[in-house]
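Undergrad: Here it is, the structure, as structure tokens.
The values are calculated or read from the model by the stated rules, or taken from the named source; none is laboratory data. These figures come from a predicted structure and were not determined experimentally. Please note: Cβ atoms are built from the backbone with ideal geometry, for glycine as well, and neighbour counts cover all protein chains shown.
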Amino acid sequence: MIALALREFHQFQASGRQFLYLVPSAAVFELDPVAGAVIRLVGESPRTEDAVVAALADRFPAPAVQAVIEELRDVRAIGYEQQPDPDSPKFLPMMPFPLSTMVLNVTNQCNLACTYCYEYGEDKIVDTENGKQSKFMTEATARDSVEFLLKEAGNIAHMTFFGGETLLNFPVLKSTVAYARRRAAEVGKSVDFSLTTNATLLQPDIIDFLADNEIGVTISMDGPKEMQNKFRVFHNGAGSYDMIAPKIKALLRRHRSRPIGARVTLTSETLDVTRIYRHLTEEFGFWEVGFAPVTTSPNQQYAIGDSGFDRMLGQFRELAFEFQEHVAANKHHGFSNIKDTLEEIHKGVSKAYPCGAGLGLMGVSTDGDVAVCHRFAGSDTHKLGTVKDGINRETQKEFLEHHHIADKTDCHTCWARPLCAGGCYHEAHVRYGTTRRPNLHYCEWIRGWTDTCLQVYGDLSVRNPDFLARFDRVEAKAEAVL
């Protein structure tokens, strides 16, 4: 009889219980005592089914052990030693795939000169100052973009206004919201709006417009004064904290229709995650805060190295377990990184692509060119079409062919690949000169963070399963947590 051997999974503990995260199905299983014993035995050395049953005979009835062996084989946690698992087929999405989010770059200009900016710094892809692109999107191009979105989207579409500094082109933003609402109603669809801003231009009339129109707002802010002013500066080198602080507080007082979040860029010199989180939530009152490591080439002074990723992971874990305790007690916690990953785990996300770029999400440049995402807006190399002429399906198909997880050989043995799929295309382009490469420089960080999220998920599945059940609802994304 052929021996049983372990297949591909990640085992973790939570609330004193054993769990398996199965790869590549992305399913999470809690192990009962029988299953845990079978996994341990087979993990020590390959054994036949009869040997497993015999070894556990003093603890569990043979029929129970045999039933568990069959179940573990069915979910591919174990298998026969000389019978490899079948290769996962490379399925490409059915086309045309509905566009769910369009990021509209209404300007490529900015009134700040953030040192690490991917759009204006040394790592920029598009020359926004001297290139062929218009500096500001016209109202006509914005309307064409609305028509493009409504044609490509399903019944619900999301439009995100972006820049540069988005509010430098507030008149076009304002008129586009009105036009999109009217056109969506005419074609029987709805459009949801959001924007990202550095907060420098938040005047009372703009704040009123954002609140009255229920537009989601994300503020790009890096934390306390000395951290904000380290890199997020004006063109004359002056820090931006003192200017934006009262404007943000005015926005938070007035805009109550949707939760307001902060988006933090972490660098090697601003890595005090816990302090940043406390400042933005407790002193400012942001509903949630999300963190992202700076996207840059490794030779920049502010790039995060291995020790920096280790430090970041430690602080992420601290906030994640704090989130866990808050949620277990039905209290709100605003660490959005953990919430977003928990939702993906709960829904069994197993990604063929790291994000929706080039598929359900696309970026539109100021001239109306459609790119794989907003970070490539204006790049001819990463162009998929135009809002006037539509998407070039052959170009899109080629992009999806070459960026599928099946073509990233370095990822094939990584248990965290269902949630990562190689990482951000823009990060890969900046680091390795191509969007096709996986981001190998932060693999250990991804595995460590995914393990932490799985532990939190396992704990909450025991202590507060109702919280996780919220992710089953369609409206969960727009719902304020707790």
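Yes/no per residue for (1) at pLDDT 95 or above; (2) surrounded by fewer than 16 Cβ atoms within 10 Å (Cβ to Cβ):
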{"site": "TYR442", "(1), (2)": "no, no"}
{"site": "TRP449", "(1), (2)": "yes, no"}
{"site": "GLN455", "(1), (2)": "yes, no"}
{"site": "GLY458", "(1), (2)": "yes, no"}
{"site": "LEU468", "(1), (2)": "yes, no"}
{"site": "ASP472", "(1), (2)": "no, yes"}
{"site": "LEU482", "(1), (2)": "no, yes"}
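Undergrad: Something else: Among the residues of the range 204-217, is there at least one that is surrounded by 21 or more Cβ atoms within 10 Å (Cβ to Cβ), in contact (Cβ under 8 Å) with a residue 12 or more places away in the chain and within 30 Å of ILE391 (Cβ to Cβ)? Full working, then the answer.
TA: Filtering the range 204-217 for residues surrounded by 21 or more Cβ atoms within 10 Å (Cβ to Cβ) gives 210, 217.
Adding the requirement that they be in contact (Cβ under 8 Å) with a residue 12 or more places away in the chain leaves 210, 217.
When the remaining residues are screened for being within 30 Å of ILE391 (Cβ to Cβ), the result is 217.
There is at least one residue in the range 204-217 that is surrounded by 21 or more Cβ atoms within 10 Å (Cβ to Cβ), in contact (Cβ under 8 Å) with a residue 12 or more places away in the chain and within 30 Å of ILE391 (Cβ to Cβ).
Undergrad: Among the residues of the range 15-35, write down those that are over 24 Å from the mean Cα position of the chain (by Cα), of a type in the set (Gly, Ala, Ser) and either surrounded by 17 or more Cβ atoms within 10 Å (Cβ to Cβ) or not assigned by TED's automatic domain parsing to the domain that holds ILE69 (or both).
TA: Of everything in the range 15-35, just one residue is over 24 Å from the mean Cα position of the chain (by Cα), of a type in the set (Gly, Ala, Ser) and either surrounded by 17 or more Cβ atoms within 10 Å (Cβ to Cβ) or not assigned by TED's automatic domain parsing to the domain that holds ILE69 (or both), namely ALA35.
Undergrad: Here is a follow-up. Give the number of residues within the range 222-238 that are hydrophobic (A, V, I, L, M, F, W, C) and touching a residue at least 60 places away in the same chain (Cβ under 8 Å).
TA: 3
Undergrad: Residues of the range 47-60 being part of a loop (DSSP other than H, G, I, E, B) and either exposed (fewer than 15 other Cβ atoms within 10 Å of the Cβ) or at positive phi (or both), which ones?
TA: Correct list: THR48, ALA57, ASP58, ARG59.
Undergrad: For the range 276-289, which positions are under 28 Å from ALA14 (Cβ atoms), in contact (Cβ under 8 Å) with a residue 12 or more places away in the chain and surrounded by fewer than 18 Cβ atoms within 10 Å (Cβ to Cβ)?
TA: TRP287
Undergrad: For the range 260-287, give me each residue that is within 21 Å of the chain's Cα centre (by Cα) and under 18 Å from ILE244 (Cα atoms).
TA: The answer is ILE260, GLY261, ALA262, ARG263, VAL264, THR265, ILE276, TYR277, LEU280, THR281, PHE286, TRP287.
Undergrad: Which of the residues spanning the range 405-454 are in a helix (DSSP H, G or I), farther than 18 Å from ARG317 by Cβ and of a type in the set (S, T, N, Q)? Even if it seems obvious, please write down each step before you answer.
TA: Within the range 405-454, the first condition is being in a helix (DSSP H, G or I), and the residues that meet it are 405-407, 409-411, 417-420, 425-432, 440-454.
In the following step, the residues that additionally are farther than 18 Å from ARG317 by Cβ were identified as 405-407, 409-411, 417-418, 425-432, 440-441.
Result: THR409, single match.
Undergrad: Next up: Please go through the range 247-264 and pick out each residue that is in contact with a strand residue (DSSP E or B) (Cβ under 9 Å, 6 or more places away or on another chain) and in a helix (DSSP H, G or I).
TA: ILE248, LEU251
Undergrad: Residues GLU71, GLU44, GLU81: which one is loosely packed, with under 13 Cβ neighbours inside 10 Å and either out of contact with any His (no Cβ under 9 Å at 6 or more places or on another chain) or not hydrophobic (A, V, I, L, M, F, W, C) (or both)?
TA: Numbers: GLU71 fails: loosely packed, with under 13 Cβ neighbours inside 10 Å; GLU81 fails: loosely packed, with under 13 Cβ neighbours inside 10 Å.
Going through GLU71, GLU44, GLU81 in turn, the sole match is GLU44.
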